[in-house]
1. How big is D, in µm² s⁻¹, for the range A:108-170 by Stokes-Einstein at 25 °C and 0.890 mPa s if Rh is the Kirkwood radius over C-alpha pairs?
2. Tell me, what is the FRET efficiency for B:W179 and A:T201 to the nearest 0.05, using R0 = 60 angstrom and their Cβ-Cβ distance as r?
3. State log₁₀ I(q)/I(0) for the range B:1-104 at q = 0.18, 0.22, 0.23 Å⁻¹ as given by the Debye formula over alpha-carbon point scatterers of equal weight, solvent excluded.
4. Any chance you could check the Cα centroid distance between the range B:212-251 and the range B:1-53 for me, in angstrom?
5. For a quick size check, give me the Cα extents of the range B:32-252 along its three principal axes, largest first, whole Å.
6. Could you compute the net charge surrounding B:S181? Neighbours are other residues with a C-beta less than 12 Å from the C-beta of B:S181; K and R count +1, D and E count -1.
7. Under the rule of -39500 (n - 2.57) per DSSP H run of 4 or more residues, summed and divided by the residues of the protein assembly as shown, what mean residue ellipticity at 222 nm is obtained, to the nearest 500 deg cm²/dmol?
8. Which whole-angstrom value gives the distance between the alpha carbon centres of the range B:61-78 and the range A:21-66?
Amino acid sequence: MTNTAQSPALPNEVLRLENITLRFEDSTALDRVSFVLHQGETCIIQGAAGSGKTVLLKIALGLIKPDEGRVFVFGQDMTAASERDWMDARARMGILFQEGGLFDSMTIEDNVGYPLENIKAVHCPPAEVRPRVEEALQFVELGHTLDKVPSELSGGMRRRVGIARAVVTRPQLVLYDSPTAGLDPITATTIMALVAKERDTRQTATALATHRYQDGHLLANYIWDPDRGELVPARGDCTAARTRFVVMGDGRLVFEGSQAELEASTDEYISQFARRWKE
Amino acid sequence: MLDWLKSQVLALQNFVTLSGRAYVNLFRSPHYVDDIIIQMDTIGVGSLPIVLLTGFFSGATITLQMSRALNQYGASGEVGQIVAISLVRELGPVLTAVTVAGRNASGMASELGSMKVTEQIDAMRALGTDPAQKLVTPRLVAIAIVQPLLTILADAIGLFGGYIMAVLALHLTTDTQYWSSAHQALEYNDLLQGLLKPFIFAQIIALVGCYYGMFTSGGAQGVGRATTQAVVTSIVWVFVVNLFIGQFFINLR
């Protein structure tokens, strides 16, 4: 369990949200949400549709400004930061949007190269853009799609390109917004394997919003085996220990804890995010 | 009622903020010159056929309609003057703006709107670019350059349409008389007005089109709504602003 009191940011903190409140015209999207993510940690954010998972991630990226509360990124107070300061912070963060968020007027190569060419703080020399794009696409096993446009790819492939684009800048924190939404179970597992691969090969902090319990279960209990090129069950509970589950409900953070605690919950709303898996 | 007022004020605030950013970005790097050129091609070259057709037929129609009145006063030789003045001062700029708005305000709103609903605008910000700089400013610059040029072409082909109608079809006047009467009718004031109008209309079209696109919400249906509103709003504003510019130039004399 993480302490949510107003303590100063620790150096190994990657992300800290304090009492975030966000109101839309006639509703409250987020109600005093606090949460912390440390280096190398994984946080699974679960919740029903419209419970505030996406806005939470967007606040962490500075795309939406909260009405109240404070945002710390990499130990730096970003609450009143300018867009320019956010741009520097975003150089160290990656995001996969729900539908991939690929620019459909650009080729896959330009899409993946976009953050390298446009985020100044990444400092990528023009000659290095192409090799790094290729490397990122190799990472998601889509090395042959450089010249295609997003509309030529399937939903799962677009999601994989989205992951390549999120990790091409070698970020310390990657945010995934419902990476498996609308995908068939096999493709969903492929996507989750890539999420685990990125986490385990580069030790990135991961925040993943999802409505599927399986996604969290996979990240908590499996690790990427670089030799076999697939997910293998984690021995010991090292992975489980650094994986936290939070559950959002109606804009509130209603649960925070380990997988075991989530499964032990007797609350009707919370337990549905654990029970669905068992049935 | 209060909610409605509040939403209108909020919309105005968003529009002014977005427009302000679009203009400020003119003086700030990076400048997306490639995007400006692409937009000039899409808007300018793309609108050329429809603008030329509109221009030609309006010139010919004015001549046709005016011929009866002019004959009544025995002044059919002055037809060139009427076509020239009405085209250069009013119909050229306004009709071109209406056709360009119909074609491009909708195009901008739907393109930016679908980018908005598929989170591409968010992605742009997350990946290091200011969407206003990358999307709005190039469109604003491109259309402000091409709109006066399109209007000049529309005026020219409109005069030619009038000529075909007056000289070749209705035999109202002679070749030289038509062109000299048209030429003499125009003053520098008219030309200035005829070029200033499209320059201003262009900015209305770009800003309104981009505004509706950037503030689209609600999926595919929202994109459709944004597109319609962009066309309607920009055309209404073209007519309103047209009156004020006309008034300004009348007072100037």
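Quick note: the coordinates plus some simple rules give every number you see, no bench work behind them. For clarity, every value in this text was computed on a predicted model and none was experimentally measured. Positions of Cβ are backbone-derived with ideal geometry, glycine not excepted, and every protein chain shown enters the neighbour counts.
1. Working: Rh = 11.4 Å.
Stokes-Einstein gives a translational diffusion coefficient of 215 µm²/s.
2. Working: r = 76 Å, r/R0 = 1.27.
Efficiency, from the Cβ-Cβ distance: 0.20.
3. -0.96, -1.11, -1.14
4. 11
5. 68, 33, 30
6. Values: positive: none; negative: B:E78, B:D175.
Computed value for this residue: -2.
7. Details: 21 runs with 294 residues, N = 532.
Taking each H run of at least 4 residues, the total per residue is -18000 deg cm²/dmol.
8. A separation of 70 Å, based on Cα centres.
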